[in-house]
Amino acid sequence: MEPNQKKREELLKRQLEVLNKKLKEKERKIALLRKKRSFEIKEIGKFRQALMNILEDVEEARRKAEEERDLTHAIIANFADALLFFNEKNRLSLINSKAEKFFSVEKEEVVGKSLSELSSNKYFKKILGLVGSEIKSVFRAEVEMKKNFILELTTINIVAEKTKKGALMILHDVSREKLVEAMKTEFVSLAAHQLRTPLSAIKWTLRIILDGDLGEINKEQRSFLEKTYKSNERMISLINDLLNVARIEEGRFLYNPVFANLASIVENVLKSYNEQIERKEINFVFDKPQEPLSSVYVDVEKISLVIQNLIDNAIHYTPPKGNINISLKEKEKTIEFSIKDTGIGIPQDQRERIFSKFFRASNAVRAETEGSGLGLFIAKNIIEAHGGKIWFKSKEGEGSTFYFSLPIKDKRQKKV
Ligand code: ADP
């Protein structure tokens, strides 16, 4: 072999070796890349699965939220009471079918409107008159939408994370309860009227016998007849209370106001209590005001009834030899009457019910069997109908003070 050829062959061999090496290197790299890619594909697969799972969870959560929302809507829609929700801008954002029925409206025509904008509808106008254009807090009232259709209205502010989100208005139909109540009142009124006539007849017959107009009666007969007369008087007074309550509830309790001086009314009422006060040896004081009081514009007969009820109670619930003080004061455009006694007082846990119809505190029932629990109910109604206030302070076992205040009105003011 020629030396040149041998050299070339050697060169070629070396070149081939280099190429082989490079090829191996490339193959190694490809194998590595392949491995990396398959790893990446696997990772992507895992990632995809995780993503799918998340999507499924989101979908499930959305489905649940929708289900809950639909359920809430169904509850609101089928709720037996009318529900209206006003948003934070006081605009109606939700109304259920019962409310649509009560207000004779369709959802589409009212949603998005404020109460003032809705007041062209006579029913919404009534509600606006009661709650005002901005629903502020918890409020409860009765609304007579039309004759024999009475709704009980309640409003509640909806607050979340300390901010007002809106207000909910609930309207409950109480027409039936009102009708039954009216029927009951009518029955009481009718029965009381029927009872009054024979009781008056008994009263006058007893009076005639007691006055000796039908001949002499002995001491024992007199004692029995006097007891009967007193029981009859109590019955008449109870019947009168029942009639007054029935009149108040039917809105037939008429008032004939005149300008009057409360001090003279009190003095007049007191005249008939001398005997009782003496019999019970009560230390009774009427702090008559030094200066003449401003006049009040009142129904004298009704205010006398309030004072009578308060004096009756003070005497009944104060043990013999106790103290009773009446005073009258002029205070911030009102005349304040107060009657303080050293009687049995009112138990703390029963205070809220004292002005309710027929309510008698447990200690009063024990101390004094007689009593209807109607006197303070009537008194409260009379005072409030005069634009006044009635309240009390009391400590069980120590005594009570009952107050009422009436607005001052003089004749000059009346003309304005
Ligand atoms: P009653 O016929 O029972 O006196 P009222 O309506 O006048 O009815 O009073 C209701 C209740 O209030 C009484 O039964 C009694 O429990 C309580 N009460 C009223 N006045 C007094 C008072 N001066 N002292 C203690 N309790 C009183």
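The values are calculated or read from the model by the stated rules, or taken from the named source; none is laboratory data. Because the structure is predicted, anything quoted here is derived from the model rather than measured. Virtual Cβ from ideal backbone geometry, glycine too; neighbours counted across all protein chains shown. What goes into the accessible areas is simple: the full protein's heavy atoms, side chains included, and nothing from ligands, DNA or RNA. Shrake-Rupley method; radii C 1.70, N 1.55, O 1.52, S 1.80 Å.
Before rounding to the nearest 500, sum -39500 (n - 2.57) across all DSSP H runs of length at least 4 in the chain and divide by the residue total; then give [θ] at 222 nm in deg cm²/dmol.
For the chain, the value works out to -18000 deg cm²/dmol.
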Review point. Long-range amide H contacts for LYS409: which residues qualify at under 5 Å (H placed 1.01 Å from N, peptide plane, sequence gap of 5 or more or a different chain)?
Key: SER295, VAL296, TYR297
Review point. Averaged per residue, what accessible surface does the chain expose to a 1.4 Å probe, in Å²?
Key: 67 Å²
Check your understanding: Which of the GluC sites (Glu not before Pro) found in segment 288-345 are loop residues per DSSP with 12 or fewer other Cβ atoms within 10 Å of their Cβ?
Key -> GLU332
Check your understanding: Could you give the length gained on full extension between GLU27 and LYS162, defined as 0.36 nm per residue of separation minus the Cα-Cα distance, in nm?
Key -> 41.7 nm
Point to revise | 28 Å Cα-Cα threshold exceeded, pairs from LYS136/LYS395; LYS21/LYS42; LYS98/LYS146; LYS230/LYS395; LYS122/LYS389; LYS136/LYS302 | key: LYS136/LYS395; LYS21/LYS42; LYS230/LYS395; LYS122/LYS389; LYS136/LYS302
Point to revise | Residues of type aspartates and glutamates that LYS393 reaches as a straight line, Cα spacing below 18 Å, ignoring anything fewer than 8 places off in the same chain | key: ASP312, GLU336, ASP341, ASP349, GLU352
Review point. What percent do you get for the relative contact order of segment 107-217 when only Cα pairs under 8 Å and 6+ apart count?
Key: 13 percent
Practice item. With a length cut of 24 Å (Cα positions projected on each helix's long axis) and a Kyte-Doolittle mean of at least -1.0, go through the chain and give me the DSSP H helices that pass. Key: 175-210, 219-249
Practice item. Heads up, I need the accessible area for TYR229: 1.4 angstrom probe, whole protein in place, Å², nearest 10. Key: 40 Å²
**Study point:** segment 343-390: GluC sites (Glu not before Pro) falling in loop per DSSP and having at most 12 other Cβ within 10 Å
**Key:** GLU370
Practice item. Starting from the Cα of LYS36, step 7 Å along the direction of its Cβ; do the same at ASP57; then give the gap between the two resulting points in nm. Key: 3.2 nm
Point to revise | Over 28 Å between alpha carbons, listed pairs LYS101/LYS165; LYS147/LYS357; LYS22/LYS46; LYS203/LYS340; LYS101/LYS357 | key: LYS22/LYS46; LYS203/LYS340; LYS101/LYS357
Point to revise | Label-point gap, in nm, between ALA385 and ASN256 - each point 7 angstrom along Cα→Cβ | key: 1.4 nm
Practice item. With a 1.4 Å probe and every protein chain kept in, tell me what percent of the accessible surface of the chain is carbon plus sulfur. Key: 54 percent
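In segment 59-142, what GluC sites (Glu not before Pro) fall in a loop by DSSP, with at most 15 other Cβ atoms inside 10 Å? Can you show the working numbers first?
On the way: sites: GLU59, GLU60, GLU66, GLU67, GLU68, GLU88, GLU100, GLU106, GLU108, GLU109, GLU117, GLU134, GLU142; in loops: GLU88, GLU106, GLU134.
Taking segment 59-142 and a limit of 15 other Cβ atoms within 10 Å, the loop GluC sites (Glu not before Pro) found are GLU88, GLU106, GLU134.
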Study note, to complete from the structure: Residue by residue through segment 88-97, the couplings from Karplus 6.51 cos²θ - 1.76 cosθ + 1.60 with θ = phi - 60°, in Hz, x for Gly and Pro, are 5, 9, 6, 10, 5, 10, 8, 9, 8, 5
Point to revise | Charge context of THR318, other residues only, Cβ under 12 angstrom, K/R +1, D/E -1 | key: -2
Exercise for review: Using a cut-off of 14 Å between beta-carbons, work out the net charge of the residues near ASN232 (Lys and Arg +1, Asp and Glu -1, ASN232 not included).
Suggested key: +3
Check your understanding: Amide H to amide H, which residues 5 or more places from LEU94 or on other chains are under 5 Å from it, using H placed in the peptide plane?
Key -> PHE85
